[in-house]
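Visitor: This structure is in C-alpha cells; I'll ask about it shortly.
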Amino acid sequence: GAVVSQHPSWVICKSGTSVKIECRSLDFQATTMFWYRQFPKQSLMLMATSNEGSKATYEQGVEKDKFLINHASLTLSTLTVTSAHPEDSSFYICSARGGGQGQYFGPGTRLTVL
Amino acid sequence: AQKITQTQPGMFVQEKEAVTLDCTYDTSDPSYGLFWYKQPSSGEMIFLIYQGSYDQQNATEGRYSLNFQKARKSANLVISASQLGDSAMYFCAMRYNFGNEKLTFGTGTRLTIIP
C-alpha cells in the first residue's frame with residue numbers, strides 16, 4: 001500500500017513555456033502533500049507544502065508565482081512551473097503521508113528546459 | 001530548527017558484509033520521527049525504515065535496522081549481509097510529529113557494494 005505516482009516521469013520543454021506535474025496518491029487519501037526539488041548529486045530541498053482545499057505553504061526563497069501548486073482533491077496535487085527557464089531544470093519529487101508513520105514518495109519528474 | 005548530518009559522503013563495502021551509515025540530528029522538540037530512504041540511480045525515493053522518538057525498541061525491517069541512540073542524537077542505519085542491489089544513495093531524514101509534517105533531509109551517503 002501507500003503508492004504515490006507522478007506524471008510525467010520526464011519532460012523536455014522550451015524556455016518560456018509552462019509545465020504541469022501531477023502527483024497522485026493511488027491507494028490512500030492525502031490532505032497534505034509535499035513538493036521537493038533535487039539538483040544532481042545533492043539532497044532533496046522542500047519547496048512547498050500542498051494543502052487540500054487551501055493555499056500551499058512555500059519555503060523561504062521559493063517563488064510562489066513561478067511554482068504554482070494546486071491540491072484540488074484528496075488524491076491529487078499539481079505543480080506548475082510557469083515560464084520555465086534552463087535554471088528550473090531539475091528533478092521534482094512529491095511525497096505524501098500514508099497509513100501509519102510512513103511518508104512515501106512518487107517516482108519523480110525530470111524536467112529539462114532548453 | 002532541525003538539522004540532519006550525514007558525515008560519510010561515500011562508502012565502499014564488500015558484498016555480504018554489514019554496513020553502518022551514520023546520521024546525527026539536532027532538535028529541541030521531544031516528539032519527532034526519523035527516516036531512512038534509499039535512492040537508486042533511477043531517482044525514486046524508497047522508504048526503508050522509521051523510528052519514533054518515543055519508541056523503546058530499535059526499528060528493524062528485514063535486513064535494515066536502525067541503531068537509535070537518543071541521548072547522542074544519532075540514528076544510524078545498519079544493513080546486514082549487503083547485496084549488490086544495495087548500491088545507492090541513502091538519505092536520513094527527520095520529521096516533527098506535530099504541526100507541519102515536512103521532512104528535513106541530510107546530505108546523503110553514496111554506498112557502493114563491491115562484488
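The values are calculated or read from the model by the stated rules, or taken from the named source; none is laboratory data. Quantities reported herein were computed from a predicted structural model and do not represent experimental measurements. Because the Cβ atoms are built from the backbone with ideal geometry, glycine has one as well, and the counts that use them run over all protein chains shown. What goes into the accessible areas is simple: the full protein's heavy atoms, side chains included, and nothing from ligands, DNA or RNA. Shrake-Rupley method; radii C 1.70, N 1.55, O 1.52, S 1.80 Å.
Visitor: Hey, among B:Ala81, B:Ala88, which residue is at pLDDT 95 or above and either crowded, with 18+ Cβ neighbours inside 10 Å or under 15 Å from the mean Cα position of the chain (by Cα) (or both)?
Guide: Among B:Ala81, B:Ala88, only B:Ala88 is at pLDDT 95 or above and either crowded, with 18+ Cβ neighbours inside 10 Å or under 15 Å from the mean Cα position of the chain (by Cα) (or both).
Visitor: So, one more: I'd like the full set of residues that are within 8 Å of chain B (Cβ to nearest Cβ) and aromatic (Phe, Trp, Tyr), limited to segment A:84-114.
Guide: Hits for segment A:84-114 are A:Phe91, A:Tyr104, A:Phe105.
Visitor: Is segment A:41-62 home to any residue that is small (Gly, Ala, Ser), within 28 Å of B:Ile49 (Cβ to Cβ), more than 12 Å from every other protein chain (Cβ to nearest Cβ) and in contact (Cβ under 8 Å) with a residue 12 or more places away in the chain?
Guide: no
Visitor: Okay, moving on. Evaluate segment A:5-14: report whether one residue or more is in a loop (DSSP other than H, G, I, E, B), out of contact with any strand residue (DSSP E or B) (no Cβ under 8 Å at 6 or more places or on another chain) and of a type outside the set (D, E, K, R).
Guide: No: segment A:5-14 contains no residue that is in a loop (DSSP other than H, G, I, E, B), out of contact with any strand residue (DSSP E or B) (no Cβ under 8 Å at 6 or more places or on another chain) and of a type outside the set (D, E, K, R).
Visitor: Next question, about the same structure. Cβ contacts < 6 Å: first residue assigned to a loop (DSSP other than H, G, I, E, B), restricted to segment B:1-30; second residue of a type in the set (Phe, Trp, Tyr), any location; separation 6+ or different chain. Result?
Guide: Correct list of pairs: B:Asp29/B:Tyr96.
Visitor: Tell me the residue from A:Thr57, A:Thr17, A:Thr31 that is β-branched (Val, Ile, Thr) and open to solvent by 80 Å² or more (accessible area, probe 1.4 Å), please.
Guide: Every option except A:Thr31 fails the conditions.
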